[in-house]
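Here's the structure we're looking at; comments come further down.
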Amino acid sequence: MYYALFKETSSGVEVSFPDAPSAITCGNDMEEAMKMAIDVLSAILATGTQGLDFYPPRPYSEISKLAQGELVFPVLADESIIESYRPKERINIMADRKTLAAIDQARAEARKTRSDWLMDAARAALTRSH
């Protein structure tokens, strides 16, 4: 969990993270600003470099001392958003037609893309094997 500084301005709410200086966003109101804060924090944690784009989070007691009229709120990154920002790599695989048809039926029932369904199946298999 990271703490963010929320600053109300005439044009909306600006958000910054003292421990993730690359994560800056805004919203029209507090609700939208919080949604945007969760998104930008998740993106930085997925794609940024620790020690450059973000640092280990400090406690509220330290962050609150930095506030100069801003509100301080905790922000939790969202794992599904982090996953969507993780770099992807295109691969080419071979599959027999019968298995591919079964995969396509299962992924359609799950309302997922073929890639998402295959990655979920691979993660489940890796979890079971460890």
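The values are calculated or read from the model by the stated rules, or taken from the named source; none is laboratory data. Model, not experiment: these values are computed from the prediction. FYI the Cβ positions are ideal-geometry reconstructions off the backbone, even for glycines, and counts take in every protein chain you see.
With 62, 89, 70, 109 as the choices, which residue is among the charged types (D, E, K, R) and in contact with a strand residue (DSSP E or B) (Cβ under 8 Å, 6 or more places away or on another chain)? Reasoning before the result, please.
Values: 62 fails: in contact with a strand residue (DSSP E or B) (Cβ under 8 Å, 6 or more places away or on another chain); 89 fails: in contact with a strand residue (DSSP E or B) (Cβ under 8 Å, 6 or more places away or on another chain); 109 fails: in contact with a strand residue (DSSP E or B) (Cβ under 8 Å, 6 or more places away or on another chain).
Checking each option against the conditions leaves just 70.
Among all residue pairs at least 6 apart or on different chains, which show Cβ distances below 9 Å where the first residue, located in segment 89-103, is more than 17 Å from residue 116 (Cβ to Cβ) and the second is among the basic types (Lys, Arg) and assigned to a helix (DSSP H, G or I)?
Pairs found: none.
Which condition number does residue 115 fail, the rest of (1) assigned by TED's automatic domain parsing to the domain that holds residue 12; (2) under 22 Å from the mean Cα position of the chain (by Cα); (3) part of a helix (DSSP H, G or I) being met?
Going through the list (1) assigned by TED's automatic domain parsing to the domain that holds residue 12; (2) under 22 Å from the mean Cα position of the chain (by Cα); (3) part of a helix (DSSP H, G or I), residue 115 breaks only (1).
Tell me which of these residue 39 doesn't satisfy, since it passes every other one: (1) outside the structural domain of residue 20 (by TED's automatic domain parsing); (2) of a type in the set (D, E, K, R); (3) in a helix (DSSP H, G or I).
Tallying (1) outside the structural domain of residue 20 (by TED's automatic domain parsing); (2) of a type in the set (D, E, K, R); (3) in a helix (DSSP H, G or I), residue 39 fails exactly one: (1).
Give me the pairs, please: first residue somewhere in segment 42-62 and surrounded by 14 or more Cβ atoms within 10 Å (Cβ to Cβ), second residue anywhere and among the acidic types (Asp, Glu), beta-carbon distance under 6 Å, and either six or more positions apart or on two chains.
42/78; 44/53; 55/19; 57/19; 58/19
Go through segment 42-60 and count every residue that is in a helix (DSSP H, G or I) and either small (Gly, Ala, Ser) or under 13 Å from residue 73 (Cβ atoms) (or both). Let's see the steps before the verdict.
Narrowing segment 42-60 to residues in a helix (DSSP H, G or I): 42-47, 60.
Now drop any that are not either small (Gly, Ala, Ser) or under 13 Å from residue 73 (Cβ atoms) (or both), which leaves 42-43, 46, 60.
Residues that pass the stated criteria total 4.
Looking only at segment 85-104, decide whether some residue is under 24 Å from residue 14 (Cα atoms), surrounded by 13 or more Cβ atoms within 10 Å (Cβ to Cβ) and not β-branched (Val, Ile, Thr). Reasoning before the result, please.
Quick first cut of segment 85-104, residues under 24 Å from residue 14 (Cα atoms) only: 85.
With the extra rule that they be surrounded by 13 or more Cβ atoms within 10 Å (Cβ to Cβ), the set shrinks to 85.
Checking which are not β-branched (Val, Ile, Thr) leaves us with 85.
Yes, there is a match, as at least one residue in segment 85-104 is under 24 Å from residue 14 (Cα atoms), surrounded by 13 or more Cβ atoms within 10 Å (Cβ to Cβ) and not β-branched (Val, Ile, Thr).
What are the pairs with Cβ atoms under 6 angstrom where one residue, in segment 12-39, is on the phi > 0 side of the Ramachandran plot and the other, located anywhere, is part of a strand (DSSP E or B)? Sequence gap at least six, or different chains.
Taking only residues 6 or more apart or on different chains, the pairs are 12/26; 12/27.
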